[in-house]
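What follows is a set of notes on a single structure, which appears directly below.
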Amino acid sequence: MGDYKLTYFDLKVLAEPARWIFLAAGQKFEDDRIQAANWPATKPTLQWGQLPVLTFDGGKQMSQSVAICEFLAKRFNLTPNDPIDQARCLEMVLHVQECRTKWAPYYLEADPAKREEIRKDMIANLFPTFLGKFNDVVTANGGNYIVGNTVTWADFWLTNFLEIWRDTVDPTLIDNYPALKKQMANVQAIPAIKEWIQKRPQSSLFGFVM
């Protein structure tokens, strides 16, 4: 399986960008998915009690999804050479993370009525703000990618969450953002990622499918 193991829940969310880095790089890895029934026993065995965890180079471990992806992107040449553009990638990923934390209460809300209120508020306020800004960044960058003129790990991060937000909130969510639609299509057209999307496991855990 190669000297890389990525351990996460049976979800896309915080592990899918790292999976895409491996796929785009042609690097074999073990896609270790923790099922809900096994999580209580697994959690105490982890240094920080959280996932994802990357195991690499003979047993070294790293946690925190952003750190894992940035490390892998540098190792597999999916980050720009220019230090400013490297920082721009991290900047965009952290903005995606900010939007993700504001979306999270939606899928954690158990009450259907409250959940629908959150969904409507996000559609009216949260996503127009963030998606509008991401669309502007991609447009200003030439219309294909979010940083530079080739695909980077920041594109994987953005596309992954565009998929998740669209699929969990509103199937028309990105219809009015042409640059994001093009950027997303560029990522999904990468042969190894395209093949993966067609056959990847149906991700679900604790009642969430994403």
Let me spell out the model: positive unit charges on the Cβ of Lys and Arg, negative unit charges on the Cβ of Asp and Glu, origin at the Cα centre of segment 2-100. What dipole size does that give, in debye rounded to 20?
180
Could you list the trypsin sites (Lys or Arg not before Pro) in segment 1-79 that lie in coil according to DSSP, counting only those with at most 16 other Cβ atoms within 10 Å of their Cβ?
28
The extension gain from residue 94 to residue 48, computed as 0.36 nm times the residue separation minus the Cα-Cα distance, is 14.5 nm
Which order do peptides 112-119, 177-184, 130-137 fall in by mean Cβ count within 10 Å, highest first?
177-184, 130-137, 112-119
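Between residue 117 and residue 61, what is 0.36 nm times their sequence separation minus the Cα-Cα distance? Round to one decimal in nm. Mind dumping the intermediate values first?
On the way: separation 56, 0.36 × 56 = 20.16 nm, distance 4.02 nm.
Roughly 16.1 nm would be gained on extension.
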Charge dipole (segment 83-189, unit charges on Cβ, about Cα centre) - positive-most of 171, 187, 96:
187
Given the C-alpha centroids of segment 43-117 and segment 142-180, what is the distance between them in whole angstrom?
16
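Please work out the FRET efficiency for the pair residue 28 and residue 141, using the Cβ-Cβ distance as r and a Förster radius of 25 Å; give the result to the nearest 0.05.
0.20
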Which net charge results when you count Lys and Arg as +1 and Asp and Glu as -1 among the other residues whose beta-carbon is under 14 Å from that of residue 46?
+1
Only Lys, Arg, Asp and Glu count, each charged at its Cβ (+1, +1, -1, -1), so figure out the dipole size of the chain about its Cα centre, rounded to 20 debye.
220
Looking only at 57, 155, 85, which one moves most when the chain is put into a Gaussian network model with springs between Cα atoms under 10 Å?
57
Report the label-to-label distance for residue 172 and residue 3 in nanometres (one decimal), using points 7 Å from each Cα along the Cα→Cβ vector.
5.2
Relative contact order %, the chain, counting alpha carbon pairs below 8 Å whose residues are six or more apart:
24
Could you work out how much longer the chain between residue 188 and residue 109 gets when fully extended? Use 0.36 nm per residue separation minus the Cα distance between them, nm to one decimal.
25.4 nm
So the number of lysine pairs in segment 83-189 with alpha-carbon atoms under 25 angstrom apart, 8 or more residues apart or on different chains, is 9
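Computed from the coordinates by the stated procedures, all read-outs in this text should not be read as laboratory data. Here the structure is a predicted model, which means the values were calculated and not measured. FYI the Cβ positions are ideal-geometry reconstructions off the backbone, even for glycines, and counts take in every protein chain you see.
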